[in-house]
Amino acid sequence: MAINHSWDVSPAEAAKIQRELRPLVQAEDDFDDIKFIAGADLSFRRADKMCRVAVVLLRFPELTVLEEIATQEEVRFPYMPGLLAFREAPAIICAYGKLRTKPDLLILDGQGYAHPRRFGVTCHVGLALDVPAIGCAKSKLVGGYNEPGEEAGSFSPLIDDGEVIGAALRTRAGAKPVFVSIGHKICLESAIRFTMRCIRGYRLPEPTRLAHQLASLWE
């Protein structure tokens, strides 16, 4: 669906927009066969207020790279935990629009439902692009959890205020867990399953791992 709000807003207005859009997120699977998965990530240079955003498209389940998009964009919103969508989403959406083939599923290095207002950057981007989306963050923003089992694929619920908002997922034996939550058009069970199917020996799923590498290659 189209997101009609401005990205150039105050922090208070940004939080209000998140609360207004939250009911539009779909927390159940709404897709057919997954043939293409994309990952997105960003890196920042604070000195010149620029970001480099990368989107990598892979064939699924082989996880072979089909397209790589990287652009450099101006950063217009300050760094504020809980409002990263207003700093990152415009650049991600711009880079996504350059893909020749659109993915059936998008994975972001960021929060989805596991957010104080239950509307992190992955929810915002998934809703704006009308694409199933998974948030797979390297650290948690909110909530508590019990340490998952040591074997790959073990997970425990991430809970905030009595609600399951995501999962702490052990993607590799001995590695720190990642924090998986829904973004849009997918349930948590499927988000965990697809995240694990994208693991190839590293802690991070291949789509976001490769996007992170590409986003780090400043020109």
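Annotations
- For A40, net neighbour charge (Lys/Arg +1, Asp/Glu -1) across residues whose Cβ lies under 15 Å away: -2
- A simple spin-label model places the labels of R76 and K176 3.3 nm from each other, with each point 7 Å out along Cα-to-Cβ.
- Taken as Cα centroids, region 57-119 and region 160-219 sit 13 Å apart, rounded to the nearest whole angstrom.
- Less than 5 angstrom separates the built amide H of V75 from those of M50, C51, all sequence-distant by 5 or more or on a different chain.
- Listing V56, V142 from fewest to most neighbouring C-beta atoms within 10 Å gives V142, V56.
- Counted by neighbouring Cβ atoms within 10 Å, the residues D41, D160, D33 run from fewest to most as D33, D160, D41.
- Label-point separation in nm, S6 to K102, each point 7 Å along Cα→Cβ: 2.8
- Expected 222 nm ellipticity per residue - DSSP helices of 4 or more, -39500 (n - 2.57), all of the chain, to 500: -7000 deg cm²/dmol
- Remark: relative contact order (region 11-215) = 24 percent; criterion is Cα-Cα distance under 8 angstrom and separation of 6 or more residues.
- Computed from backbone phi, the HN-Hα couplings of region 115-129 come to 8, x, 9, 6, 7, x, 4, 5, 5, 5, 5, x, 5, 5, 8 Hz, rounded to whole numbers (Karplus: 6.51 cos²θ - 1.76 cosθ + 1.60, θ = phi - 60°; Gly and Pro given as x).
- Site pair W218 and I159 shows an inter-label distance of 4.3 nm when each label is modelled 7 Å from Cα along Cα→Cβ.
- Ranked for footprinting exposure by Cβ neighbours inside 10 Å, fewest first, V125, V65, V55 give V65, V125, V55.
A short reminder: the numbers here are calculations on the coordinates, not readings from a lab. On a predicted model such as this, the values are computed, not experimentally measured, just so you know. Neighbour counts run over all protein chains shown; Cβ positions are idealised from the backbone, glycine included.
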